[in-house]
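Reviewing the structure listed below.
The values are calculated or read from the model by the stated rules, or taken from the named source; none is laboratory data. As the structure is a prediction and not an experimental result, all values here were calculated from the model. For neighbour counting, all protein chains shown are included, and Cβ atoms are generated from backbone atoms with ideal geometry for every residue, glycine included. Note: accessible area is taken over every heavy atom of the protein model, side chains too, but ligands, DNA and RNA are not part of it. Shrake-Rupley method; radii C 1.70, N 1.55, O 1.52, S 1.80 Å.
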Amino acid sequence: MSHDAQQAFGLPGTSKAADASASDRPVSEVATLRLEAGIAEIVVDAPPVNALGQVVRDALITMVRWCDAEPAIGAILLRCAGRTFFAGADIREFGKPPLAPSLPDVVNEIEACGKPVIAAIHGTALGGGLEVALACHYRVAVGTARMGFPEVKLGMLPGAGGTQRLPRLVPMEEALKLMTSGAQIGAAEAASIGLVDLVVYGDLRTAAFSAAQKMARSAEPPLRTSHRHDVLAKARTDPGMFDRFLEANAKRFRGLDAPAAIVAAARAAVDRPQEEGFALERSLFVSLRDGGQAAALRHVFFAEREAAKIPGLPADVQGRTIDAVGIVGAGTMGSGIAINFLLAGLPVVLVDTDEAALDRGLSHISRTMEQGVSQGRIDSVNGEKAVALLSSSLDFAALAEADLLIEAAYETMDVKCDIFSRLDAVARSGAVLATNTSYLDVDKIAAVTKRPQDVLGLHFFSPANVMKLLEIVRAEKTADDVLATAIAVAKRIGKVPVVAGVAYGFIGNRMLHVRRKAVENLLLAGVDLYRIDAVVEAFGMPMGPFRMYDLAGLDLGWSKVASTGATIQERLCERNRRGQKTNAGYYDYDDKRRPSPSQFVRDLIREFVAERGAPPMTLSDDQIRERLLFPMINEGYRILDEGKAFRASDIDTVWINGYAWPARTGGPMYYGEQLGLDHIISSLEGMGLADTIASGLRSAVRSAFRVT
Ligand code: 3H9
């Protein structure tokens, strides 16, 4: 029997007292408790991420209680097996009847333990997981560990004492930033603000064990985090900080329930008695957890993970090895795509036959890296390593060694087909060939090669190094292992993958196209363009359609010679109002690119509408919103009818991650379901769109697209 096993079972080698109580020592399927030299070590092992579900909570509370009562134990070391420390509460339990013991009870019991409890943190200590660590009396983290409070992204607040304990350890401003952003910080930063006590770059368990032994020798009772006042005292000197913080972040918090509740709970830590602070946190947590935004955001959480699962893909399919990437086209898209791979540590060769374009692309990449480093988004060492992985060429032959080739050239079928036949000639056998087309038929592009099984679409969203979505377009002949490769590649570069079938605009742009039509119809009905933007922005999109058109440029695909003034956009281009780049488009722009409405544009549109002779309509903001969004939701159902998306939740994932649809509404399909599909059908009929209604929408039932 191994030494470890002897200790685990309290056999010879453990202390006498431990032997004496071995018979009543708690056992659990998700945690082990063993004794060594007066230290009790609790190791939780609940794959995949040690979420704090009921079984884990029960094991923790039982083991901590037992250790507290056991005289031979001087301190408790708490750690997790597997890839991470506790990743938070078990999100699957929310929305169901609560199960005892609650996480706050477990956390309080840990803090109240008469023996010092030492947390040994690796992986990601998140949400309730970090709250467990806060309740411990000492926190040791390995250098690679990361910590954060992602509750806000789930529409909630840290509800197991986090809002009260965190500001007792770290300065209030840091606490507010952490809890309202949901961002993770590394171990070194956590130590610098007081969140962890010790960072180790060697063996975590050894370091935490010796910290436990040291604390076990102390004659002082362990200091409870909730009894600490030194850090909080500083926050008390600046009561105006909370309002300033809310004001400074008003734009970011717009429409969200959780941030204001987080700030209110943290403020209570400062200006109310301790028990009242904890009680307020609890009641705010419960009302957020049971509210609509949290339910929608939970849907989003699981939808994003579900999207990476491909129905019908055999379980034993292995992705191909991708060690080197080639990108054709050094424009904004191609160079943005390259940045993703470079930052993920993959060598990239960027190819463009136009030398000036190649130079522009290369300087775009180095500028973006430099900005990322100076703004703290990219670690400087990683930034340098990434740039060193980049090479470039004017010659397609440089692509011969790449395992994945991505074409990011002009959006015309001729250009794409020409590039793919050249790629077919140079690419090594087994390489994956991808097009970044936004609309075009990937089957046609694949057909120009002798290896259509290796071809698929990888549709990145602009800016390609920022937007999370990667639409993976599965062509008719795309091989299963090529699809599996694409999913793995997406995860490797930190993207959220969604698989779409071949169709004009795939999932996202197809629905965007429908919205564009709806916008035109509203203009023809006499609705002011700036009101349309205001309605869309009030709904929670960061930009209304006209601001978006201006940003993209109105002259995409427009030429002066061919212009006939047939559309409003053409008329604007004819007057050199081409969007932000000419400081005038649908809006006027000042030298800081701040938009203001233009009377000239209003008059131009009025004239255009008068020529068409369309009857004006009086519409409320609600009606405008419905006229924009309901046809999109209907299009989502048409996409499902045609089998171009696997599930409604995939469509939500596309719109949230590719077009900044407000996640708090769950995405277009979830939003539609919450509003009531009957209401959507009758509204569409009222808009004269009865003929277009998807059969899936007519027959949809609530459970059709639930993933939670
Ligand atoms: C909270 O803590 C509230 C408290 O303040 C108060 C309570 C009173 N629960 O993401 P992955 C599943 S709120 C249940 O692909 P990765 C996930 O669905 C919680 N399941 O792995 C997936 O399942 P499947 C605050 C969870 O390596 C599998 O684990 N915590 C949870 O890319 C793998 O997940 C968070 O919000 C969970 N908490 O990333 C953290 N977490 O294989 C949420 C994951 O069936 N989690 N699963 O699809 C994460 O951010 C990432 O999962 C993590 C790992 C970074 C940990």
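Data table
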{"read-out": "Selection from the stretch 540-582 of residues that are over 24 Å from M333 (Cβ atoms), open to solvent by 60 Å² or more (accessible area, probe 1.4 Å) and part of a loop (DSSP other than H, G, I, E, B)", "value": "K560, V561, A562, T564, T567, R575, N576"}
{"read-out": "Subset of the stretch 87-116 (residues that are open to solvent by less than 50 Å² (accessible area, probe 1.4 Å) and of a type in the set (K, R))", "value": "K115"}
{"read-out": "V106 more than 14 Å from the ligand (Cβ to nearest atom) and hydrophobic (A, V, I, L, M, F, W, C)", "value": "no"}
{"read-out": "When residues of the stretch 161-174 are limited to those that are near the ligand (Cβ under 10 Å from one of its atoms) and in a helix (DSSP H, G or I), the one farthest from V107 (Cα to Cα)", "value": "T163"}
{"read-out": "Residue check, I61 within 16 Å of the ligand (Cβ to nearest atom), at pLDDT 95 or above and buried (at least 18 other Cβ atoms within 10 Å of the Cβ)", "value": "yes"}
{"read-out": "Single match in I406, I445 (criterion: in a helix (DSSP H, G or I) and of a type outside the set (S, T, Y))", "value": "I445"}
{"read-out": "Condition met for I633 (aliphatic (A, V, I, L, M), within 30 Å of L470 (Cβ to Cβ) and open to solvent by less than 10 Å² (accessible area, probe 1.4 Å))", "value": "yes"}
{"read-out": "Yes/no for A269 being of a type in the set (A, V, I, L, M, F, W, C) and either within 27 Å of the chain's Cα centre (by Cα) or assigned by TED's automatic domain parsing to the domain that holds G345 (or both)", "value": "no"}
{"read-out": "Filtered residues of the stretch 72-86 (kept if open to solvent by less than 30 Å² (accessible area, probe 1.4 Å) and near the ligand (Cβ under 8 Å from one of its atoms))", "value": "T84"}
{"read-out": "Residue list for the stretch 149-179, filter: open to solvent by less than 10 Å² (accessible area, probe 1.4 Å) and among the β-branched types (V, I, T)", "value": "T163, V170"}
{"read-out": "Residue that is farthest from the ligand (Cβ to nearest atom), among those in the stretch 286-324 that are polar (S, T, N, Q) and either out of contact with any Lys or Arg (no Cβ under 8 Å at 6 or more places or on another chain) or open to solvent by 50 Å² or more (accessible area, probe 1.4 Å) (or both)", "value": "T321"}
{"read-out": "Residue ID - farthest from V300 (Cα to Cα), chosen from residues in the stretch 451-508 that are of a type in the set (S, T, Y) and over 19 Å from the mean Cα position of the chain (by Cα)", "value": "T478"}
{"read-out": "The stretch 254-279, residues that are more than 13 Å from the ligand (Cβ to nearest atom), closer than 26 Å to K96 by Cβ, open to solvent by 40 Å² or more (accessible area, probe 1.4 Å) and part of a helix (DSSP H, G or I)", "value": "A279"}
{"read-out": "Output for the stretch 441-494, where each listed residue is farther than 22 Å from M511 by Cβ, in contact with a helix residue (DSSP H, G or I) (Cβ under 8 Å, 6 or more places away or on another chain) and touching a residue at least 40 places away in the same chain (Cβ under 8 Å)", "value": "N465, V482, I493, G494"}
{"read-out": "Pick from the stretch 22-58, criterion more than 24 Å from E151 (Cβ to Cβ), modelled with pLDDT of 95 or more and of a type in the set (S, T, N, Q), ranking: farthest from the ligand (Cβ to nearest atom)", "value": "T32"}
{"read-out": "Out of T144, T124, sole residue that is open to solvent by 30 Å² or more (accessible area, probe 1.4 Å), in the same structural domain as A190 (by TED's automatic domain parsing) and more than 10 Å from the ligand (Cβ to nearest atom)", "value": "T144"}
{"read-out": "Subset tally (residues that are farther than 24 Å from A294 by Cα and away from the ligand (no atom under 16 Å from the Cβ)) for the stretch 175-189", "value": "2"}
{"read-out": "Near pairs, Cβ below 8 angstrom, 6+ apart or cross-chain, from the stretch 416-427 (among the aromatic types (F, W, Y)) to any residue that is not in a helix (DSSP H, G or I)", "value": "F420/E407; F420/L433; F420/T435; F420/V448; F420/T449; F420/V455"}
{"read-out": "Those residues of the stretch 147-160 which are near the ligand (Cβ under 9 Å from one of its atoms) and either of a type in the set (V, I, T) or not in a strand (DSSP E or B) (or both), in sequence order", "value": "F149, P150, E151, K153, L154, M156, L157, P158, G159, A160"}
{"read-out": "Filtered residues of the stretch 196-219 (kept if open to solvent by less than 40 Å² (accessible area, probe 1.4 Å) and farther than 11 Å from I39 by Cβ)", "value": "V196, V199, V200, L204, A207"}
{"read-out": "The one condition in (1) farther than 26 Å from P314 by Cα; (2) in a loop (DSSP other than H, G, I, E, B); (3) open to solvent by less than 10 Å² (accessible area, probe 1.4 Å) that L440 fails to fulfil", "value": "(3)"}
